[in-house]
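Asker: Submitted below is the structure of interest, expressed as structure tokens.
The values are calculated or read from the model by the stated rules, or taken from the named source; none is laboratory data. Quick caveat, the model's predicted, so the values are computed rather than measured. Heads up, the Cβs are rebuilt from the backbone with ideal geometry, glycines too, and the neighbour counts pull from every protein chain shown. Side chains included, ligands, DNA and RNA excluded: accessible areas come from the protein's heavy atoms. Shrake-Rupley method; radii C 1.70, N 1.55, O 1.52, S 1.80 Å.
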Amino acid sequence: MAKLRDCLPRLMVTIRSLLFWCLIYFYCGLCASIYLLKLLWSIGKGPTQTFRRVAREHPPACLNDPSLGTHCYVRIKDSGLRFHYVAAGERGKPLLLLLHGFPEFWYSWRHQLREFKSEYRVVALDLRGYGETDAPVHRENYKLDCLITDVKDILDSLGYSKCVLIGHDWGGMIAWLIAICYPEMVIKLIVINFPHPNVFTEYILRHPAQLFKSSYYYFFQIPWFPEFMFSINDFKALKHLFTSHSTGIGRKGCRLTTEDLEAYIYVFSQPGALSGPINHYRNIFSCLPLKHHMVITPTLLLWGEKDAFMDVEMAEVTKIYVKNYFRLTILSETSHWLQQEQPDIVNKLIWTFLKEETRRKD
């Protein structure tokens, strides 16, 4: 009996792990079946249109707008990867580091690059696998540990030991992890539309609504098929994310111009440009939940109430993981693409947070 009692906890852990992975693989198969049906429907309606793709040889002019900053590159010694970023503001000023989400790249921070360069050295990074940053081939190269190390190495390469860190969506996930693993590097943390990683992990397993909203996490576990589905109909799925009634920027927001949208399509239509971004998601279930999870950095969490991908309740729960000053601002009638949709409001909220004194919780 004593041996049975000793083995029982380990057995329960094993059973929970088995059920966890069964759920993941079941949902992967379900998502793949749904997207396959969508593909067959599209081919049935118009095979020529389904496989149409416009050649894009030159970037839109907006990607070389000098008012946004200077295009820079740095090669990291340990990984050997070359990273691309756009920097605005004078060297030597405090660093404001911006981490984008999916499917985005440095350009999603264009409004913030212009806004904060007066007092900060603003750096909008292309994450590993995105845009002009190098994209390793193997999915193992996109584990969360690698992504965290990338940000640390970038900081060192820029000559800084600490920064104000802002992340949106998947970049928010990385920003949370940096604040958890290297709190000394983060002066203040600002996250847009992504909860604390542990909140996300627990919520996605226990709440069917969030499981449905996060279906792309499961779909992305499948090799090559997600990349193919994003590319058909001349990247219609990509356009849909930013412009549709259900997932796109709201009617009251700053909608993407035709040139803005073309900038996104140009970047992700380059050969192999989708594999790196999607590989970020192909390691997530083996990396979460976290062993260490408390945040001791002053934190601002901004949230679009009408986010089609993240349940707003996760924002409220996040505060239990921040053992410091924490402010949550939920903007009504706004979407997932908050810093692009309401840049004036977002920038004002960030300025207020940056300038105010914050005290750690007792």
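Asker: Output the number of residues of segment 269-292 satisfying the condition of being in a loop (DSSP other than H, G, I, E, B), open to solvent by 30 Å² or more (accessible area, probe 1.4 Å) and modelled with pLDDT under 85.
Answerer: Adding up the residues that qualify gives 4.
Asker: Out of the residues in segment 129-147 meeting the condition of being open to solvent by less than 20 Å² (accessible area, probe 1.4 Å), of a type outside the set (S, T, N, Q) and assigned to a loop (DSSP other than H, G, I, E, B), tell me which one is farthest from Ala61 (Cα to Cα).
Answerer: Gly129
Asker: Within the set of pairs 6+ apart or on separate chains, which have a first residue in segment 248-267 that is closer than 19 Å to Asp65 by Cα, a second that is among the polar types (S, T, N, Q) and at pLDDT below 95, and C-beta atoms under 8 Å apart?
Answerer: Matching pairs, first to second residue: Arg255/Thr243; Leu256/Thr243; Leu261/Thr243.
Asker: Could I ask something else about it? Yes or no: Phe20 part of a helix (DSSP H, G or I), open to solvent by less than 60 Å² (accessible area, probe 1.4 Å) and modelled with pLDDT under 95?
Answerer: Considered against the rule, which asks whether it is part of a helix (DSSP H, G or I), open to solvent by less than 60 Å² (accessible area, probe 1.4 Å) and modelled with pLDDT under 95, Phe20 comes out as yes.
Asker: Considering only residues of segment 199-234 that are among the small types (Gly, Ala, Ser) and open to solvent by 20 Å² or more (accessible area, probe 1.4 Å), which is nearest to Phe26 (Cα to Cα)?
Answerer: Ser215
Asker: Is it true that Tyr73 is among the aromatic types (Phe, Trp, Tyr), over 17 Å from the mean Cα position of the chain (by Cα) and over 23 Å from Trp351 (Cα atoms)?
Answerer: yes
Asker: Now for a different question. Identify the residue in segment 306-315 that is part of a loop (DSSP other than H, G, I, E, B) and aliphatic (A, V, I, L, M) and, among all such residues, is surrounded by the most Cβ atoms within 10 Å (Cβ to Cβ).
Answerer: So the residue we want is Met310.
Condition check ((1) within 14 Å of Leu189 (Cα to Cα); (2) in contact with an Asp or Glu (Cβ under 9 Å, 6 or more places away or on another chain); (3) assigned to a helix (DSSP H, G or I); (4) open to solvent by less than 50 Å² (accessible area, probe 1.4 Å)) across all residues:
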position	(1), (2), (3), (4)
Val317	no, yes, yes, no
Ile330	no, yes, no, no
Glu333	no, yes, no, no
Gln339	no, no, yes, yes
Ile345	no, no, yes, no
Lys348	no, no, yes, no
Thr352	yes, no, yes, no
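Conditions tested, residue by residue: (1) over 20 Å from Trp109 (Cα atoms); (2) open to solvent by 10 Å² or more (accessible area, probe 1.4 Å).
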position: Leu165; (1), (2): no, no
position: Trp170; (1), (2): no, no
position: Met173; (1), (2): no, no
position: Trp176; (1), (2): no, no
position: Ala179; (1), (2): yes, no
position: Pro183; (1), (2): yes, yes
position: Ile190; (1), (2): no, no
position: Pro197; (1), (2): yes, no
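Asker: I need a count of the residues in segment 235-247 that are surrounded by fewer than 17 Cβ atoms within 10 Å (Cβ to Cβ), touching a residue at least 60 places away in the same chain (Cβ under 8 Å) and not in a loop (DSSP other than H, G, I, E, B).
Answerer: 0
Asker: Follow-up question, since we're still on this one. State all residues of segment 50-75 that are at pLDDT 95 or above and either of a type in the set (A, V, I, L, M, F, W, C) or on the phi > 0 side of the Ramachandran plot (or both); if no residue qualifies, say none.
Answerer: Ala61, Cys62, Leu63, Leu68, Gly69, Cys72, Val74
Asker: Kindly provide the set of residues from segment 148-170 that are part of a helix (DSSP H, G or I) and either of a type in the set (D, E, K, R) or more than 24 Å from Gln339 (Cβ to Cβ) (or both), ordered by number.
Answerer: Correct list: Thr149, Asp150, Lys152, Asp153, Asp156, Ser157.
Asker: Would you please list the contacts, defined by Cβ atoms under 6 Å and residues six or more apart or on different chains, that run from a residue in segment 77-96 that is at pLDDT 95 or above to a residue that is hydroxyl-bearing (Ser, Thr, Tyr) and assigned to a strand (DSSP E or B)?
Answerer: So the pair list comes out as Arg82/Tyr73; His84/Tyr73; Ala87/Thr70.
Asker: So which residues in segment 95-120 are in a loop (DSSP other than H, G, I, E, B) and surrounded by 24 or more Cβ atoms within 10 Å (Cβ to Cβ), if there are any at all?
Answerer: Taking segment 95-120 as the starting set, the residues that turn out to be in a loop (DSSP other than H, G, I, E, B) are 100-105, 117-120.
Once the filter is applied, which keeps residues that are in a loop (DSSP other than H, G, I, E, B) and surrounded by 24 or more Cβ atoms within 10 Å (Cβ to Cβ), segment 95-120 yields His100, Gly101, Glu104, Phe105.
Asker: Starting from residues that are out of contact with any helix residue (DSSP H, G or I) (no Cβ under 8 Å at 6 or more places or on another chain) and either farther than 11 Å from Thr299 by Cα or outside any strand (DSSP E or B) (or both), keep the ones in segment 319-328 and report whichever is least open to solvent (accessible area, probe 1.4 Å).
Answerer: Selected residue: Asn324.
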